[in-house]
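Asks: I have a structure I would like to understand better, so I am pasting it below and will then ask my questions one at a time.
The values are calculated or read from the model by the stated rules, or taken from the named source; none is laboratory data. Just so you know, these numbers come straight off a predicted model, no measurement behind them. Here the Cβ positions follow ideal geometry from the backbone for every residue, glycine too, while neighbour counts run over all protein chains shown. The protein model used for the area step is the full one, side chains on, heavy atoms only, and it has no ligands, DNA or RNA in it. Shrake-Rupley method; radii C 1.70, N 1.55, O 1.52, S 1.80 Å.
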Amino acid sequence: MELIRDKRVKDAMMNSTIQKMFQRGELRKDHPLQRKPGRWNNGDRDGLVATVLKNEDIDSIKICEQLTENGVILWVIDGLQRLTTLNSYYNEGFKLGNGVEFPVVTYQATVRDEDGNVIKDEYGNYAYELVECDLRGKFFSDLPVELQERFGNFKIDMVKHLNCTDEEIGYHIRRYNKQKSMNGAENAVTYMDNAAREVKRVTLNNRFFKNDVYSQMERNNGTIERIVMESVMCMFHLDEWKKQSRKMGEFLNRHSGRQEFERLNDNLNRLEAACGDEIAAVFTSRDSFLWFTLFDRFTAWGVEDRRFAEFAVCFCKGRMAEKKINGESFDQVARNRSTKDKFVVEKKLEILEGLLREFLKLGCTGKGGADGDEPAAFIAEMLQLDAAEIREDMDFYRESLDDLTTRTIKDGSALLAEENRLSLLAMVVYSYRKDVDLDEWLGGYAKTHPSYLADQKRNFLHMKRDFEKSRQQPFGRTKWSSRHRGEISSRQNGETA
């Protein structure tokens, strides 16, 4: 009877030992079927070294043993990038960059006096202290001795396949390389420890993403998550648009809130109800975020949702993508440019909004609002207030704005242009609701901002963000603000101002 022996053994070896075997050629990296080293970018490279220095875990190295007439050959079939990266760092091949995550490493060291002598207590025991080391910008030789030793002593798991034939080596190489790494969208979500739950809540539960427009592959590979991230970014933070998924995820993690995702979710519910079974082909994985943002703007116009659905169907069935708005068509904008460039995104939205206004016969004002848009509705949407309540005091808000701009803004300032009045009115209402002064901020804002955004929603959000940042510095109160706050308070209490 033929004996059956184990074909695989597993062991752990110190990094320094593996590197010596690697350098002596005992571990071969040049199998004809193996990929070349140096395939990692700097971020992946630095991340691996930092992982070792922080004594975290890394994936095991896979080896195939081959018996030949000239002896035993150990081929590295998986883990070549890891071994070459660690070897390069040990030999001063590169220093760690500034993008290392959690870059500060804590280690224990003996306490020494000014002359470098180890300090002991009265019983002869060594004194120890915790020391922090920032890895950024460090070559191997720049590391303290303790971390250099940790690097060399780091244990790496080794999986060895015994007595392999050429065919078996090829099989194992293929097997270990079949796994698929995270794509950009999937990787971006990992940087959203605060907001990822909201992203998943929308993508998993909203019926809009269960229609036939999106393929099963797109539902599985993170595409839907990317669409939700792009949509929230475009709807609420277009001024800070990030082209790269990772940077977008990091930004949303810091600046987005649950209410933004809830608003997108509500909009998607309305869209799904309006479109029914005739979901337009415009909702592609590439352009969905543009259409979701367009619908968000549309919701402030007081038009039935079915009209938006009719426009979407007309757009994809007709030749509207070729029609020019302000000299450019939707299809022309992205020529020779990335579809995710900020300029392209803004221009496509401008064209889509112009086409939608023409379709609805609202007129294209280029101001982010239709001719005759009621300011109260705009302000209510921006501040999440009751439009009827704002409407009652609108004359007062207008007078307050006139008084404020007359005293704080010099004639000729672009901020005084009529198209900016809607966002300025919203800022006035915001100041009363928050009980804050605009006086000092508005004068400085007018001086430092020679141009403004045509879209009044974006213009207001930009102003509001700038004002909130400025509030970190104390502002003095003025007679205007206290007097007018008393008047608005009297109005709200039913008294005569």
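Quick grid of which residues meet (1) under 21 Å from residue 203 (Cα atoms); (2) crowded, with 19+ Cβ neighbours inside 10 Å:
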position	(1), (2)
282	yes, yes
287	yes, no
299	no, no
321	no, no
324	no, no
327	no, no
330	no, yes
335	no, no
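Asks: For the range 229-236, check the following and say yes or no: at least one residue is in a loop (DSSP other than H, G, I, E, B), open to solvent by less than 30 Å² (accessible area, probe 1.4 Å) and within 17 Å of residue 293 (Cβ to Cβ).
Replies: Checked the range 229-236: no residue is in a loop (DSSP other than H, G, I, E, B), open to solvent by less than 30 Å² (accessible area, probe 1.4 Å) and within 17 Å of residue 293 (Cβ to Cβ).
Asks: Moving on to the next point. Is at least one residue of the range 147-166 surrounded by 13 or more Cβ atoms within 10 Å (Cβ to Cβ) and without any contact (Cβ under 8 Å) to a residue 60 or more places away in the chain?
Replies: Checked against the condition, which is being surrounded by 13 or more Cβ atoms within 10 Å (Cβ to Cβ) and without any contact (Cβ under 8 Å) to a residue 60 or more places away in the chain, the range 147-166 yields at least one hit.
Asks: For residues that are open to solvent by less than 30 Å² (accessible area, probe 1.4 Å) and more than 26 Å from the chain's Cα centre (by Cα), scanning just the range 40-57, find the one that is nearest to residue 9 (Cα to Cα).
Replies: Across the range 40-57, the extreme among qualifying residues is 52.
Asks: Separate question: Tally up the residues in the range 75-96 that are on the phi < 0 side of the Ramachandran plot and crowded, with 17+ Cβ neighbours inside 10 Å, please.
Replies: Number satisfying all stated conditions: 15.
Asks: Surrounded by fewer than 19 Cβ atoms within 10 Å (Cβ to Cβ), more than 29 Å from residue 162 (Cβ to Cβ) and not β-branched (Val, Ile, Thr): does that describe residue 101?
Replies: yes
Asks: So which residues in the range 288-311 are under 25 Å from residue 342 (Cα atoms) and out of contact with any Leu (no Cβ under 9 Å at 6 or more places or on another chain), if there are any at all?
Replies: Hits for the range 288-311 are 288, 289, 299, 300.
Asks: Okay, moving on. Looking only at the range 293-339, how many residues end up being over 22 Å from residue 267 (Cβ atoms) and in a helix (DSSP H, G or I)?
Replies: The qualifying residues number 6.
Asks: Filter the range 123-142 for residues that are of a type outside the set (Lys, Arg) and touching a Pro at 6+ places or on another chain (Cβ under 8 Å); which is farthest from residue 100 (Cα to Cα)?
Replies: Of everything passing the filter in the range 123-142, 131 is farthest from residue 100 (Cα to Cα).
Asks: So residue 50 clears everything in (1) touching a residue at least 60 places away in the same chain (Cβ under 8 Å); (2) in contact with a Ser or Thr (Cβ under 8 Å, 6 or more places away or on another chain); (3) among the small types (Gly, Ala, Ser) except one condition, right? Which one?
Replies: The failed condition is (2).
Asks: Sticking with this one: It is to be established whether one or more residues within the range 210-223 are touching an Asp or Glu at 6+ places or on another chain (Cβ under 6 Å) and surrounded by fewer than 14 Cβ atoms within 10 Å (Cβ to Cβ).
Replies: No, the conditions are met nowhere in the range 210-223.
Asks: What is the number of the single condition among (1) open to solvent by less than 80 Å² (accessible area, probe 1.4 Å); (2) in contact with a Phe, Trp or Tyr (Cβ under 8 Å, 6 or more places away or on another chain) that residue 176 does not meet?
Replies: Checking residue 176 against (1) open to solvent by less than 80 Å² (accessible area, probe 1.4 Å); (2) in contact with a Phe, Trp or Tyr (Cβ under 8 Å, 6 or more places away or on another chain), the one that fails is (2).
Asks: Find the residue count for the range 98-135, including only residues that are among the aromatic types (Phe, Trp, Tyr) and on the phi > 0 side of the Ramachandran plot.
Replies: Looking only at that region, the number is 1.
Asks: Here is a further query. Can you go through 185, 273 and tell me which one is of a type outside the set (Ser, Thr, Tyr) and either surrounded by 16 or more Cβ atoms within 10 Å (Cβ to Cβ) or under 14 Å from the mean Cα position of the chain (by Cα) (or both)?
Replies: 185
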